Amino acid sequence: MNVVHGADWQHQAGPLDHPREECGVVGVYLPGGDAARTAFFGLFALQHRGQESAGIAAADGHDVNVHTAMGLVTQSFRETDFAPLRGPLAIGHTRYSTTGASRACNAQPLLVRGQHGVLALAHNGNIINALQLKHQLQDQWACEFNSTTDSEAIAYLLANAPGQTWEERAFYCMRNLEGAFSFTALTPTAMMAVRDPLGIRPLCLGQLNGGWIVASESCALEHLGATFLREVDPGEVIVINEQGPRSAYYSGSKGQRALCVFEMIYFSRPDSVLDGRQVHSVRQALGAQLAVEHPVDADLVIGVPDSSIAAAVGYARESGIPYSEGLVKNRYVGRTFIQPEQRLRDLGVRQKFNPLPEVIEGQRLVVVDDSIVRGTTTPHVVNLLRAAGAKEIHLRVCAPPIRHPCYMGVDMATRRELVAANKTIPEIQEMIGADSLGYLSVAGLMKVVRGNRGGFCDACFTGNYPVPIQLEWDKLALEKP
């Protein structure tokens, strides 16, 4: 059992006013192949889900070895790091922190030892009863915690859970975990994929060269040349070893589903398949529905790159208003070690976007964006477009107003910080300086994603959480003594 950690670092968030990403997980069983290297390229395809840290655990039938580091996937691994990551089994993780600070000790996969031996775990989601579980695990099994993330509570719970099989132990976890969890886990001889009974976070299964791949999104399978088979069902446990995969279902599932609807709006890559539909086509349909609900007399439709482009195209097609690029995105701006000087901080959104004055000068613009969270940067985008000569700016948002925090694995903001929780739509319009503002309705959103009550989690819009929550959960709760 070996764990290698990189150094801590403090990242600077990008300037966009959007929900922060979640995490991405992969799991690989590749008989006779290089599972760790395959997991690396799977994580590379999931980099959009988290940029704070990355790691891979590999198993060779006798032991589990882990390498983690802070930063992007390509920053976290050198060729020499793969030498100890031998074997046909591997899991990987790319992180955005939703519980626990951005520190090396919180990088995943996490490696623990319990009554059933050594186990590594990579988790996407958020466990809202993690603090209580931590105390229970310390008292009952004398577990020694080395991180400040909720994922370590899952790992210790699974490594010590009663049951004769890993399926039974995973079901024990499902009975005791409150919140969202899609995770991969690794023992010396098997890899597991587990999705919570509500299916809040995504997970899918594919096949590759006689082996098996699981990943947060199907785009990772396609990058690896794997065949996408299906999405892992809510409440399903898949155990994969040299005998192949076996599947079992949690008997406590009530048939209710609550996939995070923001996966459709913003998080997932447009080429991924979720709930049986390609995300790109869903986003175009969201834009079309937005045009039906909030028409306007305008000359041009533009989208805020990149996640809003498909919705902007959908708005343009439905409205008959021409679509064009109006903002160019610097695709290499992300989290950085370096604090910009004051002059660069004042430029704000210009570090991320640059307008095309030849396109937008004198034009009445429909500007499509995917969401407004705090409302801190949207005014700067509006000002940027006005300075480039836009005659009118009509902002259209293909998500309903976000009025409630997320406790299911998205770093959304506190209720105090959410602009729509504290201001009316006319007040928000005045604050951002747009000529008009239109949000997609919850009913319109659900019509497009073909959801019904229980099919998708829409708690950030409605406050109807799929599980009981603790008010104002603190993502740093486990940091405190």
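The values are calculated or read from the model by the stated rules, or taken from the named source; none is laboratory data. Just so it is clear, the model here is predicted, and its values are computed rather than measured. Neighbour counts run over all protein chains shown; Cβ positions are idealised from the backbone, glycine included.
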When (1) crowded, with 16+ Cβ neighbours inside 10 Å; (2) at negative phi are applied to Q132, the one that fails is (1)
Of (1) buried (at least 21 other Cβ atoms within 10 Å of the Cβ); (2) in a loop (DSSP other than H, G, I, E, B); (3) within 21 Å of the chain's Cα centre (by Cα), A434 satisfies every one except (3)
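Considering every residue within segment 200-220, establish whether at least one is of a type in the set (S, T, Y), in a strand (DSSP E or B) and over 18 Å from I128 (Cα atoms). I'd like the intermediate steps shown before the answer.
So in segment 200-220, the residues of a type in the set (S, T, Y) come out as 216, 218.
Within this subset, residues satisfying the condition of being in a strand (DSSP E or B) are none.
Taking every residue of segment 200-220 in turn, none turns out to be of a type in the set (S, T, Y), in a strand (DSSP E or B) and over 18 Å from I128 (Cα atoms).
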Reported set for segment 342-363 where residues are within 24 Å of A311 (Cβ to Cβ) and modelled with pLDDT under 85 is G348, V349, R350, Q351, K352
Here the qualifying pairs (Cβ atoms under 7 Å; residues six or more apart or on different chains; first in segment 399-416 and outside the structural domain of A130 (by TED's automatic domain parsing) and at pLDDT below 90; second among the acidic types (D, E) and surrounded by fewer than 24 Cβ atoms within 10 Å (Cβ to Cβ)) come out as T414/E472
message = Given the criteria of a type in the set (G, A, S), free of Cβ contacts under 8 Å to residues at least 40 places away in the same chain and in the same structural domain as F228 (by TED's automatic domain parsing), does G117 qualify?
response = no
- Message: Regarding segment 364-380, can at least one residue be identified that is surrounded by fewer than 20 Cβ atoms within 10 Å (Cβ to Cβ), of a type outside the set (S, T, N, Q), assigned by TED's automatic domain parsing to the domain that holds P305 and modelled with pLDDT of 95 or more?
- Response: yes
If we keep only residues of segment 148-182 that are at pLDDT below 95, assigned to a loop (DSSP other than H, G, I, E, B) and not acidic (D, E), then the residue nearest to G199 (Cα to Cα) is T149
All-but-one check, L229 against (1) part of a strand (DSSP E or B); (2) crowded, with 22+ Cβ neighbours inside 10 Å, failing number (2)
- Query: Does Q10 qualify as being under 22 Å from the mean Cα position of the chain (by Cα), surrounded by fewer than 17 Cβ atoms within 10 Å (Cβ to Cβ), at pLDDT below 80 and assigned by TED's automatic domain parsing to the domain that holds R95?
  - Reply: yes
Of the residues in segment 30-56 that are closer than 16 Å to G210 by Cα and touching a Pro at 6+ places or on another chain (Cβ under 6 Å), the one that is surrounded by the fewest Cβ atoms within 10 Å (Cβ to Cβ) is P31
(message) Given the criteria assigned to a helix (DSSP H, G or I), touching a helix residue (DSSP H, G or I) at 6+ places or on another chain (Cβ under 7 Å), closer than 25 Å to A39 by Cβ and in the same structural domain as V73 (by TED's automatic domain parsing), does L137 qualify?
(response) no
Per the filter on segment 172-195, residues out of contact with any Leu (no Cβ under 7 Å at 6 or more places or on another chain) and either without any contact (Cβ under 8 Å) to a residue 40 or more places away in the chain or crowded, with 22+ Cβ neighbours inside 10 Å (or both) are Y172, L177, G179, A180, F181, T184, M192, V194
Selection over segment 272-319 where residues are in a strand (DSSP E or B), touching a helix residue (DSSP H, G or I) at 6+ places or on another chain (Cβ under 7 Å) and closer than 15 Å to L445 by Cβ yields a count of 1
Listed by first then second residue, the pairs whose first member lies in segment 48-65 and is acidic (D, E), whose partner is surrounded by 22 or more Cβ atoms within 10 Å (Cβ to Cβ) and assigned to a strand (DSSP E or B), with beta carbons under 7 Å and at least 6 positions apart or on separate chains, are E52/M70; E52/R95
Taking first residues from segment 350-369 that are in contact (Cβ under 8 Å) with a residue 60 or more places away in the chain and second residues anywhere that are buried (at least 17 other Cβ atoms within 10 Å of the Cβ) and of a type in the set (K, R), the pairs with Cβ under 6 Å that are 6 or more apart or on different chains are V366/R396; V368/R396
Scanning segment 232-262 residue by residue, the ones that are modelled with pLDDT of 95 or more, outside any strand (DSSP E or B) and acidic (D, E) total 1
In the set T74, T68, the lone residue that is farther than 30 Å from V419 by Cα, at pLDDT 95 or above and polar (S, T, N, Q) is T68
Say whether the condition of being part of a strand (DSSP E or B), crowded, with 22+ Cβ neighbours inside 10 Å and in contact (Cβ under 8 Å) with a residue 24 or more places away in the chain is met by at least one residue in segment 102-111. yes
Could you tell me whether A420 is modelled with pLDDT of 95 or more, part of a helix (DSSP H, G or I), within 18 Å of E293 (Cβ to Cβ) and of a type outside the set (S, T, N, Q)? yes
Could you tell me whether segment 148-156 includes any residue that is closer than 26 Å to V261 by Cβ and without any contact (Cβ under 8 Å) to a residue 60 or more places away in the chain?
yes
